[in-house]
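Here's the structure, in structure tokens; my notes come after.
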Amino acid sequence: MNERSPVAADRPRPGRAPAVGGLLTPAEAALIHCLRQYAAEVDPTSEPVLEGWAYPSPFHLLLDVGRLFTPAPLPPAVAPLLVTFCYTNAVQTIADQEDPALVYVEGFASCTVDSAVHHAPHAWATDGTHAIDPTWPADSGCTYLGIPFADPEMWPDPQYGDGILQQYASLLPILREGLPADAVADIGRALPHWVRRLRSNVVNLASG
């Protein structure tokens with residue numbers, strides 16, 4: 001399995017005004033709202049939600065340690081790649097550029113297709129600030145929230161790999177134990193503190 005089909009948002013298309021002073025753009029707020037809805041729907045009694053685990057779901061994980069990245073056109077040296085292979089596309093782009101500053105990011109993103117906003121699991125590369133996305137067109141109103149994985153040993157294989165958060169073998173240990181602090185690169189824009197407080201409330205509801 002690779003990138004899942006996007007899920008249509010239940011809101012009108014958000015605007016794309018730039019974030020100011022750490023605030024969220026309407027598109028970023030809509031993406032976070034979507035993740036919070038998914039987190040709230042997690043059944044705390046189901047597998048693999050187990051007592052003592054760090055996170056009940058990848059949605060809780062993203063709301064805790066995820067970072068926001070600014071959409072940007074592809075650099076001239078980066079070619080667009082096939083849709084539906086976002087995980088391998090992101091890693092292959094980093095390998096092709098041979099730039100040690102580029103980092104693999106995985107999480108959720110939104111885009112606009114036929115005037116409808118869609119949210120979906122996604123992966124991209126980053127220079128630390130911008131989403132370098134060889135999979136989705138830059139003019140499709142994209143918004144990016146994901147985890148910048150600092151350790152290349154964790155990244156998918158550039159030809160055959162699936163997402164870190166899409167495979168039980170890599171996801172479940174993260175949900176059980178959490179991510180070490182040095183596993184997440186200190187880049188991108190941290191989510192506002194009120195988002196993390198809301199994430200904590202969702203966890204408390206799920207565990208109580």
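The values are calculated or read from the model by the stated rules, or taken from the named source; none is laboratory data. Given the structure is predicted, the values throughout are model-derived calculations rather than measurements. Here Cβ is always computed from backbone atoms with ideal geometry, including for glycine, and neighbour counts include all displayed protein chains. In case anyone asks, the SASA skips ligands and DNA or RNA and just uses the protein heavy atoms, side chains included. Shrake-Rupley method; radii C 1.70, N 1.55, O 1.52, S 1.80 Å.
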Once ARG189 and GLU177 are pulled to full extension, the length gained, defined as 0.36 nm per residue separation minus their Cα-Cα distance, is 1.9 nm
Pulled fully out, how much extra length does the chain show between THR129 and GLU41, if you take 0.36 nm times their separation in residues and subtract their Cα-Cα distance? 28.6 nm
May I ask you to give the percent of accessible area on region 54-157 that is carbon plus sulfur, with a probe radius of 1.4 Å? 58
Per 0.36 nm of contour for each residue apart, how much would the distance between SER115 and ALA138 grow if the chain were fully extended, relative to their Cα-Cα spacing? 6.8 nm
Roughly what would the spin-label model give for TYR160 and ALA79, points 7 Å off Cα along C-beta, in nm? 2.3
Could you state the accessible area per residue of region 75-208 in Å², with a 1.4 Å probe and every protein chain left in place? 48
